[in-house]
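See structure below.
Bear in mind that the values in this text are calculations on the coordinates, not laboratory data. Computed from a predicted structure; not experimentally measured. Virtual Cβ from ideal backbone geometry, glycine too; neighbours counted across all protein chains shown.
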Amino acid sequence: MPEKAIRTASGSVLAFDFGLQRIGVAVGEPELGTSHPLPGIAARTQPGIFTAVERLVKEWRPSLLVVGRPLGEDGAPHEMTRRAERFARQLTGRFRLPVALVDERYSSAEVESRMRAAYGSRKAANLARGKTLDSHAAHVILEQYLANPTEVLRA
């Protein structure tokens, strides 16, 4: 059973928006309260995914990893919830870093709303987002963690 996480004292935080086609990635600094999206992971095999994550871990040297936990609108878990939780457990096992789970129910909707506001129309936003939606969703997930780290579950 997950337990409440605590705020990371120092160091970078990497966040992931787990998906079957792509995994969005963002990085942040809790001390500064800043974060930004990074290029996503397009690997479709488990070895390819973890090789890409290992590169990110070596580059950013995070003290914590954050994974979006997809839930239904009613808060009920579903198949993607189980897959994202499995990904979080694998990260913990492979990299020996704490992994926090963040409710990501509305992260994609938030990204779409931000892009429409930035680009002025739904069509322009759809063209602009391309394959970056996942990393922008990871960014929103990380923003949620940075705003409320004590309300995050630890894997």
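How much FRET efficiency would the formula 1/(1 + (r/R0)^6) give for Arg83 and Glu59, where r is the Cβ-Cβ distance and R0 is 35 Å, rounded to 0.05?
Working from the Cβ atoms, E equals 0.90.
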What do you get for trypsin sites (Lys or Arg not before Pro) in region 10-101 restricted to DSSP loop and a cutoff of at most 11 other Cβ within 10 Å of the site's Cβ?
Arg44, Arg96
Under 5 Å, built H, 5+ apart or other chain: amide partners of Ser12:
Ser63
Between Ala117 and Thr34, what is 0.36 nm times their sequence separation minus the Cα-Cα distance? Round to one decimal in nm.
27.8 nm
